[in-house]
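The values are calculated or read from the model by the stated rules, or taken from the named source; none is laboratory data. This structure is a prediction, so every number in the text was calculated from the model and none was measured. Please note: Cβ atoms are built from the backbone with ideal geometry, for glycine as well, and neighbour counts cover all protein chains shown. Heads up: the accessible areas ignore ligands, DNA and RNA and are worked out on the full protein's heavy atoms, side chains in. Shrake-Rupley method; radii C 1.70, N 1.55, O 1.52, S 1.80 Å.
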Protein chains: 2
Amino acid sequence: MDNVQSDGMTKDQETRPPDGRFVDTYLLYLLAAASEKASSQFHSHVRKAGLRVPEWRALACLYENEGMMITELAELSLMEQSRMTRIIDQMDQRKLVRRVSDGSDRRRVLVKLTKEGKTLASRLVSDAREHEENLLSDLADTDAARIKPVLQVLLSRL
Amino acid sequence: MDNVQSDGMTKDQETRPPDGRFVDTYLLYLLAAASEKASSQFHSHVRKAGLRVPEWRALACLYENEGMMITELAELSLMEQSRMTRIIDQMDQRKLVRRVSDGSDRRRVLVKLTKEGKTLASRLVSDAREHEENLLSDLADTDAARIKPVLQVLLSRL
DNA sequence: AGAATTTATATGATTTTTCATATTAATTGG
DNA sequence: CCAATTAATATGAAAAATCATATAAATTCT
């Protein structure tokens, strides 16, 4: 409780007051932290549903958006192509997606949700929407209410 | 170029128009994508400086904030404790940090920047600030100008 | 057409990350 | 004070991610 400091220092080393730290005002940190913390609840829901986070990402990207190339899907899902290939392998084995070779360009593999994949995707997307609504309603009366357009503008400028 | 569709479908499968996809308006996706894409440039700068991203995170968290416990540092750096332990191992070997056992609680390890670590941290933090300024100045005239307070409010509610 | 280049996906080898748990030290409750 | 519990860090084994590159198909150039 008592926090005696023998020498008179200007910067508090212990019990640092709000925003004394670099990271607390650094945009890229705020983004990473916000993403991390805002997602953690839902990610544990995803795991309870038997998916790992990257699988959920692929599923969400495929939702109502079937027939994506591995490369497209990787880009949209924010992961590297070789990782996406392996994730699709696993989801294929679990019959959540199937690979269909693209007739017009035989290098390409179109990834499509199976019936089962669609069912799971719909369920989780609707859980995600509900979760998002709750999050947003907590922010309704704050500065953060406009977070979605803010992020969309940021993304459009990157 | 021409995008003939033989059957009359209501949902465009190809060349989807803006925001037809779930993820394009889903908050957690926008956060992840914004974080990912906003950081990628600077992360490659970090790697050119000879650090991996998690090391940079630890360094940034330690900047002007020495003597953190592994657990604290892990929490602040958004990573798991066992990973932080190993990252500190490596940074210790590279003499960027040193471990000091906490006299008042011998379970604890205080991580401190070495002289060399401080030098590197100052350099990268100032690069980060410059990079952030550039990012923000791109957003100055948009909706996204207030992104930092928006994220801070979001974080405070999580 | 055919060689050179580019694009899409897959894969082997390595490095990271995670998960569960061990170890050691402090704290709490009888 | 001792036993039980909680807390901080470390570590082995397993899983996942990355990196470089292979393979195969399409495109471009001459």
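Results, tabulated for the structure shown:
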read-out: Residue within the stretch B:92-101 that is more than 15 Å from DNA strand C (Cβ to nearest atom) and under 24 Å from B:Ser40 (Cα atoms) present; value: no
read-out: Residue count for the stretch B:97-116, restricted to those that are away from every other protein chain (no Cβ under 14 Å) and more than 15 Å from DNA strand D (Cβ to nearest atom); value: 3
read-out: Criterion (under 17 Å from B:Asp24 (Cβ atoms), within 14 Å of chain B (Cβ to nearest Cβ) and surrounded by 18 or more Cβ atoms within 10 Å (Cβ to Cβ)) met by exactly one of A:Leu154, A:Leu158; value: A:Leu154
read-out: Qualifying positions in the stretch A:140-151 - more than 20 Å from the chain's Cα centre (by Cα) and open to solvent by 40 Å² or more (accessible area, probe 1.4 Å); value: A:Ala140, A:Asp141, A:Asp143
read-out: Criterion: in contact with a helix residue (DSSP H, G or I) (Cβ under 8 Å, 6 or more places away or on another chain), closer than 26 Å to B:Ser122 by Cα and either facing chain B (nearest Cβ under 7 Å) or buried (at least 21 other Cβ atoms within 10 Å of the Cβ) (or both) - qualifying residue of A:Leu28, A:Leu62; value: A:Leu28
read-out: The listed residue being within 11 Å of chain B (Cβ to nearest Cβ) and either open to solvent by less than 20 Å² (accessible area, probe 1.4 Å) or modelled with pLDDT under 95 (or both), out of A:Val46, A:Val53; value: A:Val46
read-out: Residue list for the stretch A:98-139, restricted to those being closer than 17 Å to A:Met84 by Cβ, among the basic types (Lys, Arg) and either in a helix (DSSP H, G or I) or open to solvent by less than 80 Å² (accessible area, probe 1.4 Å) (or both); value: A:Lys112
read-out: Residue match in the stretch B:66-77 (condition: within 9 Å of DNA strand C (Cβ to nearest atom) and either touching an Asp or Glu at 6+ places or on another chain (Cβ under 8 Å) or open to solvent by less than 90 Å² (accessible area, probe 1.4 Å) (or both)); value: no
read-out: Residue within the stretch A:118-130 that is touching a Leu at 6+ places or on another chain (Cβ under 9 Å), within 30 Å of B:Arg146 (Cα to Cα) and more than 16 Å from DNA strand D (Cβ to nearest atom) present; value: yes
